[in-house]
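The block underneath contains the structure these notes are about, expressed in structure tokens.
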Amino acid sequence: MSHRGLRSWPPVWHWIDGEENKYPKGEVGILTAASLTRIKPPTACYLIIEYEKARYMGSLLIDDSSFCQQVYDLLQRNIGYDIHYIGGLDLSNTI
């Protein structure tokens, strides 16, 4: 996944609440929510994860709006799953 030639997976995680900021990096945590931008055409998905008693938000910027919608749909189906697991899913059939 990329936006303007830059990789967007895994997202950069930003602390939004919880005990303390652990500065997570990479494919960590459990996906608790995902939303699609309301800007048309959609080229961003927002993820919320839980990691070590804190919540973090990350964004996926994706050039292709159709693919962005497909990624969002996939994220919705995988709420409650580990981000590392989600990152390992084969998306070749959605391209």
- Using Cα positions and a limit of under 19 Å, work out the aspartates and glutamates in reach of K25, with same-chain residues fewer than 8 apart set aside. D17, E50, E52, D82
- Taking the range 4-61, which GluC sites (Glu not before Pro) meet the DSSP loop condition and have no more than 10 other C-beta atoms within 10 Å? E19, E20
- Note on the structure: Summing +1 per Lys or Arg and -1 per Asp or Glu among the other residues with Cβ less than 12 Å from P42's Cβ gives -1
- Item | Net lengthening on full extension, V12/T32 (0.36 nm per residue, minus Cα-Cα) | 5.6 nm
- Given charges of +1 on the Cβ of Lys and Arg and -1 on the Cβ of Asp and Glu, with all other atoms neutral, how large is the dipole of the range 2-94 about its Cα centre, in debye to the nearest 20? 280
- Loop-located trypsin sites (Lys or Arg not before Pro) in the chain whose Cβ has at most 13 other Cβ within 10 Å (DSSP): R4, K25, R38, K53
- Message: What whole-number distance in Å separates the alpha-carbon centres of the range 2-38 and the range 73-93?
- Response: 14
- Query: By how many degrees, between 0 and 90 and to the nearest 10, does the Cα long axis of helix 65-77 differ from the longest principal axis of the chain?
  - Reply: 40
- Item | For the chain, the fraction of alpha-carbon pairs in successive 10 Å shells from zero, as % | 17, 51, 27, 4
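Coordinate-derived values only; no laboratory data. Computed from a predicted structure; not experimentally measured. Note that each Cβ is placed from the backbone with ideal geometry, even for glycine, and that neighbours are counted across all protein chains shown.
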